[in-house]
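Values quoted throughout were computed directly from the atomic coordinates according to the rules given, and no laboratory measurement underlies them. Because the structure is predicted, anything quoted here is derived from the model rather than measured. Here Cβ is always computed from backbone atoms with ideal geometry, including for glycine, and neighbour counts include all displayed protein chains.
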C-alpha cells in the first residue's frame, strides 16, 4: 500500500522545490570552470621591473646620448654663430680707428692728401700688406678647418660610442627605454640651446669691452715707454 506524502506546509522551515528541478544546481558558480585555460593572445601582459644592470645600462646610454647631442649643438653653435660674431666685433673695433679718417678724407685738399700719403708710406708698405693678408687668410682658414674637423670627430666618436653601447646591450638582451631617453634628451638639449642663444643675445653681445678711448691710451703708453714717442711736453719750471 502506497503511502501518500503530506503536502508541504508553509510553516515548515524549508524551501520546497518540485522534484522536476532538483537536478539543476540552486546557484551557478561565479567563476567559470575554464579558469585554467590559457590567456587570450590579445591580453596585455605587464612587463617585469628593470634589473639593476638594466637600470645602470639605461643611465649610461642616457648620459652618452646627452653628451652626443650637446657636442653636436656646441659645434654648430660655435662655428656658425659665435665665431662669426667675434669676427664682426673685431672689425667694428678696427672701424672705430679708421672711420674718422674715412669721413674727413673727402674734404682734404690735394696737398693734404699727398702729405698724409707720404707720411703713411714711411710705415706701411701696401704690397706687403696684401701679401701678408693672403698668407694669413690661408693659414687661418686651414687652422680653423682643422679645429672644425676635430670638433666633428668628437661628435662622431660620441655617436659611435652610443651605437656600440646599444649593440652590446642588444646582444646582452638588456632592455633599453630608448623612446623615453631620446625624448628627454631632445627636450633638454632644445631648452639648453634656447638658453644659450638668449644668454648670448641679451648678455654677451651687450657686454661692453675695452672702449676706443682706453685702447688709444694703451697704444700711447706703449709708444711712450718703448719708443719715447708722443711724450707730453714738459712744463717749464718756475724759479
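Here are some notes:
- Every Cα-Cα pair of the stretch 92-145 was included, and the share exceeding 19 Å stands at 53 percent.
- One equal scatterer on each Cα of the stretch 126-178, no solvent, Debye formula: the resulting log10 I(q)/I(0) at q = 0.17, 0.25 Å⁻¹ is -0.68, -0.90.
- Packing-based exposure ordering (other Cβ within 10 Å, fewest first) of 188, 210: 210, 188
- When each of 215, 72 is scored by the number of other beta-carbon atoms lying within 10 Å, the sequence from fewest to most is 215, 72.
- Evaluated at q = 0.09, 0.20 Å⁻¹, a Debye calculation over the C-alpha positions of the stretch 88-237 (equal weights, vacuum) places log10 I(q)/I(0) at -0.66, -1.42.
- Take the Cα of residue 210, step 7 Å toward its Cβ, do the same at residue 124, and the gap between the two points is 2.1 nm.
- Residue-span extension gain [residue 197 to residue 226] - 0.36 nm each, minus C-alpha spacing: 6.1 nm
- Here the residues 121, 71, ranked from fewest to most Cβ neighbours within 10 Å of their Cβ, fall in the order 121, 71.
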